[in-house]
Amino acid sequence: MRRQRAFTHRSRNGCRTCRSRHIKCDETPNACRNCTSTGRKCDGYNHYRLPSRKTPPLSKPTKSLILSLPGLESDERRCLQFFEHNTIPMLVGYADSEVWQRLVLQMCHREPAVCHAVVALSAFHEDYERGSMNLTSKTKPDHRHHHFALEQYNRSMAMLRRRIQSNDPQVRGITLMCCIVFVILELLEGDYTNAFAHLHQGLNILNTHQPIHHQHALATERILARAFLHLKTPKAYWNGPDVVVTGHPPKGSVTEVAYENTPIDSIAEAKERLRLLMNNIFHFQSLCNLFFRGETEAPILTLSAKQRTLQHNLTDITLDLKTFISAHKPNTSLWTLRETRSMDVILVHVATLTSMLGCCLDTTELGYDDFLPEFTRINDLCERIIASFVTEYGSYENLPSMITDVGVLPSLFWTGVRCRDAEIREKSLQLLKVWPHREGFYDSYLIWNICRGLIAIEDEGRESETGFIPQEARVHTHTIEVAEDRSLMVIRYVMAGGDGEMERVVLLE
């Protein structure tokens with residue numbers, strides 16, 4: 001994120017110190033006389049203003065958060081209102097979240113660093129919704145939003161640095177929360193480099209074990225740790241600092257976690273159990289990739305045994321999910337749209353992991369042909385999930401542009417790359433294009449272009465009479481590097497059974 005600073009304007013709402021004291025500011029340039037005449041330090045003014053909002057917020061606002069946070073100027077309150085009633089619903093489109101629906105709001109009340117991080121995120125989100133930051137948008141960027149958000153971002157960072165120097169047991173949780181907010185902010189701006197940096201900083205904090213004696217701080221850190229795992233697991237396919245997408249997680253990108261076949265008594269428990277299993281399947285996929293590249297001495301029998309164990313775990317969770325759904329069948333009609341979506345997302349991920357795990361040790365790429373029912377199910381479930389969003393938001397144009405959790409994008413990406421049935425593939429591409437949005441590190445616009453490029457490579461070897469793509473025409477591994485200006489991408493790939501890496505440049509549409 002760029003850090004230019006050239007302030008020339010002063011706030012119409014007075015200096016920050018006078019606002020916090022609830023007194024009228026004389027707005028003297030640089031430092032007001034109310035502060036300097038009494039020996040106080042003037043904390044200065046907000047130098048950038050937001051443009052007037054041409055349209056009202058998507059939902060009718062309440063003032064629960066705004067009224068309880070004194071000392072903020074009007075644009076900051078406007079951003080908090082937008083965050084509470086527009087950004088949070090967007091971020092939690094797939095499932096309820098303790099982080100976004102409870103914890104971040106509580107921290108905004110008592111931690112200025114978190115509050116100003118949230119204001120910055122909200123300003124970026126409002127600008128994103130206007131279209132000026134969307135990758136596919138032709139709208140000219142509104143620098144007023146950008147400068148205001150950067151000012152709030154920098155204020156949050158400065159406050160956080162001062163806060164870290166204290167011995168407060170709450171400081172780890174505050175820092176972790178800011179890291180999560182900054183990750184989402186950077187992803188909205190399309191800056192993967194800084195998003196990765198904030199994610200790694202948070203993970204490093206979590207890996208630095210410190211005794212936590214305060215129960216509230218311990219509970220907060222556990223919630224935030226789960227949120228970081230949700231971001232870290234799919235990030236394995238996206239390497240920094242540039243936007244580089246890989247078909248196989250590289251070495252060390254995913255670490256194995258403890259997994260147990262715990263009972264499923266709620267959708268949240270089902271989601272968490274599958275998330276841990278997904279992490280371990282990604283880890284196994286990475287091990288297989290190292291094996292085929294000759295970078296590990298693990299014997300094939302060990303990998304086969306590991307694969308069978310993971311397949312048993314996947315079978316167990318599939319059966320437990322069926323039992324859970326059957327037991328709650330009479331009440332499923334009472335589920336909210338989000339609850340129904342959450343279960344559909346779990347089911348679509350199970351279908352995705354089934355085909356992924358089944359072919360981890362297959363170098364021919366022909367094994368994926370045995371999973372056409374799973375690929376069809378992925379498309380059907382994703383179509384149903386998208387339809388539920390349309391039902392909730394009224395039209396495709398109003399659908400969320402950014403969701404923190406992964407939902408349809410990784411599964412549609414997987415189908416578009418690994419399914420060689422032309423009709424199923426085309427359906428996946430249509431679903432990717434109908435709803436332009438981001439899910440964590442996944443960008444539907446970028447994924448659609450990657451799938452389009454890989455399909456074009458394989459279609460060159462498709463048999464005209466049967467439509468079958470033979471082994472030698474199938475891409476086994478690929479790495480995609482996207483140009484900084486997002487104008488093109490370079491696909492480096494190895495064909496199934498092939499020896500050398502090839503390269504193709506594809507213009508982004």
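The values are calculated or read from the model by the stated rules, or taken from the named source; none is laboratory data. Keep in mind that what you see is a predicted model, and the values were worked out from it rather than measured. Methodologically, a virtual Cβ is constructed for each residue, glycine included, from the backbone with ideal geometry; neighbour enumeration extends over all protein chains shown. Keep in mind that these areas ignore ligands, DNA and RNA; they rest on the heavy atoms of the full protein, side chains included. Shrake-Rupley method; radii C 1.70, N 1.55, O 1.52, S 1.80 Å.
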Review point. Going through region 180-215 one residue at a time, which ones are surrounded by fewer than 15 Cβ atoms within 10 Å (Cβ to Cβ) and touching a residue at least 40 places away in the same chain (Cβ under 8 Å)?
Key: T193, H213, H214
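What number of residues within region 455-473 satisfy the criterion of being in contact with a Gly (Cβ under 8 Å, 6 or more places away or on another chain) and open to solvent by less than 80 Å² (accessible area, probe 1.4 Å)?
Residues of region 455-473 that are in contact with a Gly (Cβ under 8 Å, 6 or more places away or on another chain), as a first pass: 455, 469-473.
Still in the list and also open to solvent by less than 80 Å² (accessible area, probe 1.4 Å): 455, 469-471, 473.
Count: 5.
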Review point. Being small (G, A, S) and closer than 30 Å to L121 by Cα, is that true of even one residue in region 447-462?
Key: no
Exercise for review: Scan region 382-403 and give yes if some residue there is among the aliphatic types (A, V, I, L, M), without any contact (Cβ under 8 Å) to a residue 24 or more places away in the chain, open to solvent by 10 Å² or more (accessible area, probe 1.4 Å) and in the same structural domain as F468 (by the TED database), otherwise no.
Suggested key: yes
**Study point:** Qualifying residue in region 309-327 (condition: among the hydrophobic types (A, V, I, L, M, F, W, C), free of Cβ contacts under 8 Å to residues at least 24 places away in the same chain and under 21 Å from D405 (Cβ atoms))
**Key:** yes
Exercise for review: Would you be able to say whether some residue in region 480-502 is surrounded by 13 or more Cβ atoms within 10 Å (Cβ to Cβ) and closer than 21 Å to V406 by Cα?
Suggested key: yes
Point to revise | Count - residues of region 427-455 that are touching a residue at least 12 places away in the same chain (Cβ under 8 Å), out of contact with any strand residue (DSSP E or B) (no Cβ under 6 Å at 6 or more places or on another chain) and in a helix (DSSP H, G or I) | key: 16
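Every residue, every condition in (1) within 30 Å of V475 (Cα to Cα); (2) modelled with pLDDT of 95 or more; (3) under 21 Å from the mean Cα position of the chain (by Cα), yes or no:
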residue: S333; (1), (2), (3): no, no, no
residue: R338; (1), (2), (3): no, no, yes
residue: I346; (1), (2), (3): yes, yes, yes
residue: H349; (1), (2), (3): yes, yes, yes
residue: T363; (1), (2), (3): yes, no, no
residue: E374; (1), (2), (3): yes, yes, no
residue: C382; (1), (2), (3): yes, yes, yes
residue: Y393; (1), (2), (3): no, no, yes
residue: Y396; (1), (2), (3): no, no, yes
Review point. Out of all the residues in region 478-495, is one or more of a type outside the set (S, T, N, Q) and touching a Phe, Trp or Tyr at 6+ places or on another chain (Cβ under 8 Å)?
Key: yes
Check your understanding: Of everything in region 161-174 that's part of a helix (DSSP H, G or I) and more than 19 Å from N207 (Cβ to Cβ), which residue is least open to solvent (accessible area, probe 1.4 Å)?
Key -> R163
Practice item. Scan region 329-367 for residues that are part of a helix (DSSP H, G or I) and loosely packed, with under 15 Cβ neighbours inside 10 Å and report the count. Key: 7
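State yes or no: is Y442 closer than 30 Å to I184 by Cβ, under 25 Å from the mean Cα position of the chain (by Cα) and open to solvent by 20 Å² or more (accessible area, probe 1.4 Å)? Spell out the reasoning first.
Values: closer than 30 Å to I184 by Cβ: yes; under 25 Å from the mean Cα position of the chain (by Cα): yes; open to solvent by 20 Å² or more (accessible area, probe 1.4 Å): no.
In short, no.
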Review point. Hey, any hits in region 406-419 for a residue that's under 22 Å from L347 (Cα atoms), touching a residue at least 40 places away in the same chain (Cβ under 8 Å) and more than 24 Å from the chain's Cα centre (by Cα)?
Key: yes
Review point. Quick check: is even one residue across region 247-270 without any contact (Cβ under 8 Å) to a residue 60 or more places away in the chain, out of contact with any Leu (no Cβ under 6 Å at 6 or more places or on another chain) and either of a type in the set (F, W, Y) or within 22 Å of D380 (Cα to Cα) (or both)?
Key: no
Point to revise | Output for region 146-194, where each listed residue is more than 19 Å from F83 (Cβ to Cβ) and either in the same structural domain as R438 (by the TED database) or of a type in the set (A, V, I, L, M) (or both) | key: A158, I164, V171
